[in-house]
Amino acid sequence: MKRLVNSIQYLVVLVIIYPVYYVWQTDKVNNFCEQLESGMSKQQMIQLGHRESVSMNGPKDLSLEGGKWTALVSPGRFITADVCVIKGTGSKVATARLEQ
């Protein structure tokens, strides 16, 4: 019985904490995406990502020559929210926008 009560208490704590975590993570991604500007270098974007402590997937080259690339920044594994999609050419950011 004590295990059941402890499990329910842990569940209640998680239910209370998760919305705060959700807002915090999605806010970080939104703020990061808003700070990106066209013409910013790829290195500046990566440094900004480290400074803002966001999880970035990429940049990955889209062509064999390495001219076009893309990167994704998402709030986390268990959060389904907007993802910042960053597209670039060469060593510069071309666009950054939030997508679902």
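The values are calculated or read from the model by the stated rules, or taken from the named source; none is laboratory data. The shown structure was predicted, so the numbers you read here are calculated from the model rather than taken from an experiment. Note: ideal-geometry Cβ built from the backbone for every residue, glycine included; neighbour counts use all protein chains shown. Remember, those area values only see protein heavy atoms, side chains included, never the ligands or the DNA or RNA. Shrake-Rupley method; radii C 1.70, N 1.55, O 1.52, S 1.80 Å.
Among Leu4, Trp24, Gly88, whose Cα sits farthest toward the positive end of the charge dipole of the chain (+1 at Cβ of Lys/Arg, -1 at Cβ of Asp/Glu, about the Cα centre)?
Leu4
Report in % the part of the accessible area of the chain that belongs to carbon and sulfur, leaving out ligands and nucleic acids; probe 1.4 Å.
Here carbon and sulfur together make up 58 percent of the probe-accessible area.
Tell me the angle of helix 42-52 to the major Cα principal axis of the chain, expressed in degrees between 0 and 90 and rounded to the nearest ten.
20 degrees
Mean residue ellipticity at 222 nm from the helices of the chain, using -39,500 (n - 2.57) per DSSP H segment of n ≥ 4 over the full residue count, to the nearest 500 deg cm²/dmol?
So the calculated ellipticity at 222 nm is -15500 deg cm²/dmol.
Could you work out which residue, out of Ser63, Ser53, Ser41, moves most in a Gaussian network model of the chain, that is, has the largest mean-square fluctuation with Cα springs under 10 Å?
Greatest mean-square fluctuation among the candidates belongs to Ser63.
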